[in-house]
Amino acid sequence: MSDSKGTVPLMINGKRTDGREVEDLRNLRIEVGIIPEADGSAYVEWGGNKIVCGVYGPRECIPRHDASPYHSIVKCRYMMSPFASLEEHSRSGPSRRSTELSKVIREVFENVVIAEKFPNTQIDIYIDVLQADGGTRTASITAATVALANAGIPMKDMVASVAVGKAGDTLVLDLNKAEDNFGQSDMPMAMSQKDKKLLLLQMDGLLTKEEVIEMVGMAERGCEKVNAIQTSALKRFYEKGEDETVKW
Ligand code: CDP
């Protein structure tokens with residue numbers, strides 16, 4: 001997320017470089033139950049992002065000393081594959097970035113999973129980014145919510161996520177990679193869908209108070225659209241019947 005104001009044209013004649021209006025989402029497709037061995041899973045294609053999420057648990061907590069007699073421990077491992085983008089340079093294994101993203105995604109779900117129901121256990125959320133195109137953390141949260149629902153893990157609320165940013169002096173929803181990397185500001189957010197609680201808010205760049213308020217409103221409207229796609233993916237899965245769904 002760099003601030004390279006003015007060096008890369010991101011708004012041309014009032015349109016974004018990919019032709020979208022300021023509040024348009026990129027194409028979003030969600031498939032449920034794509035890993036039959038997992039307790040719950042989801043695949044998300046969002047713009048050029050391709051992300052797989054597998055959820056396992058509640059299951060025995062390992063190491064045992066991590067376990068709590070009061071609630072399940074939510075764990076999250078976000079990983080970008082070495083071939084996900086040119087910038088990855090074929091590095092594999094954890095990095096500072098993947099550690100940060102794993103942490104912020106875990107904290108989102110610690111706030112919605114009803115963990116008290118499953119003492120002495122853990123719930124694992126594994127996220128693998130196969131292809132990256134800006135907004136992988138928001139796409140990962142969107143995928144993980146669906147995978148958790150597919151695993152039957154009780155949650156207080158569904159979570160949807162999207163980034164809002166400033167590119168070419170304009171506030172835009174759902175930043176693509178160029179807007180994310182070369183725009184003036186990036187503010188990924190995640191919101192619970194009934195209560196409209198902000199569960200993730202990170203920010204890069206400089207914004208005024210008025211801009212932040214407007215961006216939260218844009219994120220709220222964007223998250224509602226994302227949530228409609230999450231819900232219809234889950235409905236499609238359960239209406240079709242679980243046996244028929246694993247088709248690539
Ligand atoms: O993906 P997200 O926007 O949540 O996180 P970011 O750190 O702001 O990265 C923005 C984008 O830059 C990613 O989505 C990737 O497209 C790209 N990126 C990459 O390809 N390799 C990295 N090591 C970091 C970022």
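Subtracting the Cα-Cα distance of K240 and E23 from their residue separation scaled by 0.36 nm leaves 74.9 nm.
Just list whichever of K117/K177; K166/K235; K117/K209; K50/K156; K15/K75 have alpha carbons separated by over 32 Å in the model shown.
Numbers: K117/K177 40 Å; K166/K235 35 Å; K117/K209 40 Å; K50/K156 27 Å; K15/K75 40 Å.
Violating the 32 Å limit, Cα to Cα: K117/K177; K166/K235; K117/K209; K15/K75.
For the stretch 48-122, the percent of C-alpha pairs falling in each 5 Å distance bin, counted from 0 to the bin holding the largest distance, reads 3, 14, 20, 21, 17, 11, 8, 5, 1.
Evaluated with a Cβ-only charge set (Lys, Arg +1; Asp, Glu -1), the chain carries a dipole of roughly 200 debye about its Cα centre, given to the nearest 20.
With a probe of 1.4 Å, find how much accessible area the stretch 11-240 has per residue, and write the answer as a whole number in Å².
Values: 10380 Å² over 230 residues.
Roughly 45 Å² per residue, with all protein chains present.
Ranked from the most accessible area to the least, with a 1.4 Å probe and all protein chains present, what is the order of H65, H71? Write out the running numbers ahead of the final one.
On the way: H65 155, H71 75 Å².
Sorted descending by solvent-accessible area, the residues read H65, H71.
Per the Cα gyration tensor, the stretch 11-240 maps to an equivalent ellipsoid with semi-axes of 29, 19, 17 Å, ordered largest to smallest. Note on the chain: helix-only mean residue ellipticity at 222 nm, from DSSP H runs of 4+ residues weighted -39500 (n - 2.57) and normalised by residue number, equals -9000 deg cm²/dmol.
What does the extension gain come out to for Y70 and L130, with contour length at 0.36 nm per residue minus their alpha carbon separation? Write out the running numbers ahead of the final one.
Working: separation 60, 0.36 × 60 = 21.60 nm, distance 3.57 nm.
Going from the current span to full extension adds 18.0 nm.
Between E60 and T170, the contour length at 0.36 nm per residue exceeds the alpha carbon distance by 34.7 nm.
With a 10 Å radius around each residue's Cβ, average the other Cβ atoms per peptide and rank 172-185, 112-125, 206-219, 141-154, highest first. Mind dumping the intermediate values first?
Numbers: 172-185: 22.7, 112-125: 18.9, 206-219: 14.8, 141-154: 25.2.
Top of the packing list down: 141-154, 172-185, 112-125, 206-219.
Using the alpha-carbon positions of the stretch 105-248, Rg (one decimal) and Dmax (whole number) come out as 16.3, 51 Å.
The values are calculated or read from the model by the stated rules, or taken from the named source; none is laboratory data. Nothing here was measured: the structure is a model prediction, and the numbers come from that model. Every residue, glycine among them, receives a Cβ derived from its backbone with ideal geometry; neighbour counts consider all protein chains shown. Heavy atoms of the whole protein, side chains included, go into the accessibility calculation; ligands, DNA and RNA do not. Shrake-Rupley method; radii C 1.70, N 1.55, O 1.52, S 1.80 Å.
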